[in-house]
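Worksheet: the structure to be examined is printed underneath.
The values are calculated or read from the model by the stated rules, or taken from the named source; none is laboratory data. Keep in mind that what you see is a predicted model, and the values were worked out from it rather than measured. Note: ideal-geometry Cβ built from the backbone for every residue, glycine included; neighbour counts use all protein chains shown.
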Amino acid sequence: MKITAIETLVCNARMRNWVFVKILTNRPGLVGWGEATLEWHTRGVVGAVQDLAELLIGEDPTRVEYLWQMMWRQHFWHGSGVVRSTAISGIDLALWDIIGKVHGVPCHKLWGGPVRDSIRTYCHLGGGRLESFYETPVDNAAQFADLAQQAAEDGFSAFKSMAVPPTMPIEGMRSIRAADKCVAAMRDAVGEDIDIMVDCHARPSPAMGMQFAKALDLYGLYFFEEPCWPESLESLAAINAAVTTPIATGERLTHLAAFRDLFAARGCEVCQLDLTHCGGFTEARRIAALADAHRIALAPHNPQGPVSTAASLEFGFSQPSYIICESVHEDVPWRRDVVEEGYVLDEKTRTISPNMKPGLGVTINEEAIKKYPFQQELPQRVFYRDGAVGDW
Ligand SMILES: [Mg+2]
């Protein structure tokens, strides 16, 4: 069996262009699907997939580790830059989809699963609608409470919010108090049985991240995400040590050695590896083994498209330390038109039972994708009060 072509299909989903990777083989009807979505880098990733395809055409798609080594190590530059690592990831997911189809089993069974009966999912406030999640101002605690209530009414037992605003490297109490009010309002709205997460998007400096973490510690957050830049390992470790709330990070790390350094510093309790950026299933399984050695939980980053979600779930049904699946369900109203999924979602509890179809279990509707061609992603830029550049 040989790889005959590797294609990308781009589908504009407002905030992101979903980049689907399709691997074709010389076996009639056998194709693999992956996803390599990287917001604001769509053209770069599509080009990187094309460059990598040169290495793989004519190779046996079932030799996935051999092909992964080729993609990572050949052509001199290692695959650790985010554009190349995203392209590698999309191809790797599609290769595993092919192996599952060749053997007639879902991917999680290739790795000894299922290790659990169901997977819990969490949503973003507003279901991932750009305006609700990213643009609800933190001085509007009432709106945070309304959206939290809605998430609970939609059946979710956990949700994530962006209750920490862009903050200059040092600021007074105003932004801390605003975040505190938002989290208090959400807790009041949903009670203690619903888990709340706060994502800082690495907006704060280490000093401000520490202040936010301490101020919000008493609310018993399920986890507190990216309280400072991912490069600041010592500061992540200091914050993780200073509060009882588990610190989460890892979505911007693209290879095993970066996770080694994060875990060695004890920079988190929750590892948010992204299967579409960290090197696909092949590297993710090594990262998971390393996380297990440190007893660090896994909650993959997954705000992208439906193939990424299917991948996160296949991974979750094979990994004992996987705790929850990030999900976005209302980013675009036609999300379900582009894919038929193999897994079964219980809409009452927002839990998922295992996919029984081969590979990732997804069937992609290529005609539906064509309705939403590439568009430049919407800008999401942050400037501080004084005009200086901030982090989104
Ligand atoms: Mg995040």
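When you go through ALA158, ALA151 one by one, which is the residue that is modelled with pLDDT of 95 or more, outside the structural domain of VAL64 (by TED's automatic domain parsing), crowded, with 18+ Cβ neighbours inside 10 Å and touching a helix residue (DSSP H, G or I) at 6+ places or on another chain (Cβ under 7 Å)?
Only one candidate passes the filter, namely ALA151.
Please name all residue pairs, on different chains or six or more residues apart, with Cβ atoms under 8 Å, provided the first residue is in the range 44-64 and is touching a residue at least 60 places away in the same chain (Cβ under 8 Å) and the second residue is in a loop (DSSP other than H, G, I, E, B).
From the range 44-64, the pairs are PRO61/MET1; PRO61/LYS2; THR62/MET1.
Here is a yes/no grid of residues against (1) free of Cβ contacts under 8 Å to residues at least 12 places away in the same chain; (2) within 16 Å of the ligand (Cβ to nearest atom):
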{"position": "ALA145", "(1), (2)": "no, no"}
{"position": "ASP154", "(1), (2)": "no, no"}
{"position": "SER157", "(1), (2)": "no, no"}
{"position": "PRO166", "(1), (2)": "no, yes"}
{"position": "PRO169", "(1), (2)": "no, no"}
{"position": "ARG174", "(1), (2)": "yes, no"}
{"position": "ALA184", "(1), (2)": "no, no"}
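Can ILE287 be described as more than 16 Å from the ligand (Cβ to nearest atom), assigned to a strand (DSSP E or B) and modelled with pLDDT of 95 or more?
No: the conditions fail for ILE287.
For ALA310, are the conditions met, namely being in the same structural domain as TYR122 (by TED's automatic domain parsing), out of contact with any helix residue (DSSP H, G or I) (no Cβ under 6 Å at 6 or more places or on another chain) and either surrounded by fewer than 24 Cβ atoms within 10 Å (Cβ to Cβ) or over 19 Å from ALA94 (Cβ atoms) (or both)? Give the derivation first.
Details: in the same structural domain as TYR122 (by TED's automatic domain parsing): yes; out of contact with any helix residue (DSSP H, G or I) (no Cβ under 6 Å at 6 or more places or on another chain): yes; either surrounded by fewer than 24 Cβ atoms within 10 Å (Cβ to Cβ) or over 19 Å from ALA94 (Cβ atoms) (or both): no.
No: the conditions fail for ALA310.
Filter the range 188-222 for residues that are in contact (Cβ under 8 Å) with a residue 24 or more places away in the chain, away from the ligand (no atom under 16 Å from the Cβ) and in a loop (DSSP other than H, G, I, E, B) and give the result.
Of everything in the range 188-222, those that are in contact (Cβ under 8 Å) with a residue 24 or more places away in the chain, away from the ligand (no atom under 16 Å from the Cβ) and in a loop (DSSP other than H, G, I, E, B) turn out to be GLU192, ASP193, ILE194, SER205, GLY220.
Quick check on this structure: which one of ARG177, ARG116 is surrounded by fewer than 20 Cβ atoms within 10 Å (Cβ to Cβ) and part of a helix (DSSP H, G or I)?
ARG177
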